[in-house]
Each structure stands twice: as structure tokens, then as C-alpha cells.
1. For segment 59-193, calculate the relative contact order in percent as a whole number, restricting contacts to Cα pairs under 8 Å that are 6 or more residues apart.
2. Just rank Glu139, Glu102, Glu83, fewest to most, by other beta-carbon atoms within 10 angstrom.
3. How large is the convex hull of the Cα atoms of segment 59-193 per residue, expressed in Å³ as a whole number?
4. What shape does segment 26-109 have by the C-alpha gyration tensor, where a ≥ b ≥ c are the square roots of the eigenvalues, rounded means a/c under 1.5, and otherwise prolate means a/b greater than b/c and oblate the rest?
5. Using the Karplus curve 6.51 cos²θ - 1.76 cosθ + 1.60 with θ = phi - 60°, work out ³J(HN,Hα) for each residue of segment 134-146 in order, rounded to whole Hz, and write x for Gly and Pro.
6. Show the residues, 5+ positions off or on another chain, whose built amide H is closer than 5 Å to the amide H of Thr135.
7. Would segment 87-156 count as rounded, prolate or oblate if I go by the C-alpha gyration tensor, calling it rounded below 1.5 in a/c and otherwise prolate when a/b exceeds b/c, oblate otherwise?
8. What residue among Leu82, Ala176, Pro61 has its Cα farthest toward the positive end of the dipole of segment 59-193, where the charges are +1 on Lys, Arg and -1 on Asp, Glu, each on the Cβ?
Amino acid sequence: MLLAERVARSHRFAPGWPLWVFTLTLLPVLLALGTWQLQRAAEKQQMQASIDALHQTPAMPLSAFAQTQPSDWQPLILRGQLEARHIWLLDNRTRDGRAGVEVLQAFQDTSGQWLLVNRGWLPWPDRRQAPQIETPSGELQLLAEKLPDSGTGWRPGSRRCEAGTANCVVAQLDLAALRLQSGIALQDWSVRLTGAGSAAALQLDWPALPMSASRHTGYAVQWFSLAAALIALFIWAGFRPDHRGNNNDEPDRA
């Protein structure tokens, strides 16, 4: 009878309060992180769907947005001239493992608006010498798309541009700083070229979104897997036989 009681006692579910506290503290965190990654995946899917839908719409002239901003990724037709005196090189942009810059240039549309246009990527020929940028003359017609706001995480780079500096290298995009340095009333949003056939276009193989929906889904699976492993460990530890001895048990009877 005593042997049966000991066997039952050794197999009862008794994880102990430290394991309860550990599991109940960590499990909600893991589940919340997995759920958050699924939400991010849904947001990226919606963003990509919006981009794809906008790319199927006709490009709009800039004059159609005199009183408001275009939607993010809205295709645009720009007609006007590039300003050769105001070019900035956005540093630390790589393509296929090669270091380079993206060329930002002021553009005046025939509607009178000034825009910052990203013309594309160029490799660094030598870090001691900036790439030579040629500006097409005359009136141009450019295909472009409106870029999302750079966000509050972007700040001016450590290298500042002085007035009159040609092809100034900047570490990060800050439209307010570029507006102040150039003295041009640049819009609060920028565009990048999409038409590779233009004389103004450089290398336009734009990178994809920083993190795809599938990447977020993969992270969610990892967090949920950790939650499942934690539950399995909790159950295993709860049913683990107690090998600490039988000092508190009644002595065996002959």
C-alpha cells in the first residue's frame, strides 16, 4: 500500500511555485511577440498590395497635387528641369555587395513645385573622390513614384553640407536640412525615378521592402515554437519524479 502511494505521489503534477511563476511570466511575452509579428506580416501584405495596386494606375502629373500630397508609391509624371547646383549623395547604399551612393537632386516641375528626386545608384570609384554626376539639360519628362515619409528615426548625418558645396555627401536623408542648406523650398516629400529610359535615370534596381511579410511570419513561428516548448517543459517538469529521497515519508514496515 505504501509503495502504491509513493508511485502515485511521484507521478502527480507538482511543478512547484518557482516554475509556475517563470512560466506564467514568460509565456504571455512569447505569445505577444508572436502575435505582434503576425500583425506586422499582415501590415506588410497590405502595404505590398497597395503598392501593386498603385503601380497598375496611370501616372499622374504633379500639377494634380498642388494642394495635397500624393499617396505613398503613387506613380507620377514630372515635367521640368534638374538643378545642377544642388546635388546630394546619399552614402552607404550598396548593390550586389558594392559600396555606392544614391544621387539626390533638386527638380523644378513646370507646376512651379520643387522636389527632391532620387535619380538612382552609382558605385564609389574611390572613397577619396566623389562620383562625377552629369545633369541632363533642358526640359525633361520623368516617371517617378512618391516615397513614404522617412520617419522620426531619420536624423541629419554627421557630415553637413555648406552652402555652395557641389555633390555633398550626406549620411542620412533630412529634407529640412537640405531645404535650409540649398535655400530651395523643397516639398516635404521626395520621389524616386522608375523609368529607366530617361537620360536622368541612373541604376534603378531599387531594393525590396526592408522586411517582407514572409520574414515576419517566420519570426512569428519561432516565437510560438518557443511558447510551445515552454509549455512542454513546464508539463515535463511538473510530472518529473521526485528523487530527493523519502526523509519525510513514513519508514518502511516489514
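A short reminder: the numbers here are calculations on the coordinates, not readings from a lab. Model, not experiment: these values are computed from the prediction. All Cβ positions, even for glycine, are placed from backbone atoms using ideal geometry, and neighbour counts span all protein chains on display.
1. Values: 273 pairs, mean separation 39.8, N = 135.
Averaging sequence separation for qualifying contacts and normalising by length gives 29 percent for segment 59-193.
2. Numbers: Glu139 9, Glu102 21, Glu83 16.
Fewest to most other Cβ atoms nearby, the residues stand as Glu139, Glu83, Glu102.
3. On the way: hull volume 15.8 nm³, N = 135.
Measuring per residue, one finds 117 Å³ for the Cα hull of segment 59-193.
4. On the way: a/c = 3.01, a/b = 1.59, b/c = 1.90.
Judged from the Cα gyration tensor, segment 26-109 comes out oblate (a/c at least 1.5, b/c at or above a/b).
5. Once θ is set to phi - 60°, the couplings for segment 134-146 become 9, 10, x, 8, x, 6, 10, 10, 10, 9, 8, 9, 6 Hz.
6. Amide H to amide H, under 5 Å and 5 or more residues apart or across chains, Thr135 pairs with nothing.
7. Numbers: a/c = 2.14, a/b = 1.32, b/c = 1.62.
The shape class here is oblate.
8. The residue sitting most towards the positive pole is Ala176.
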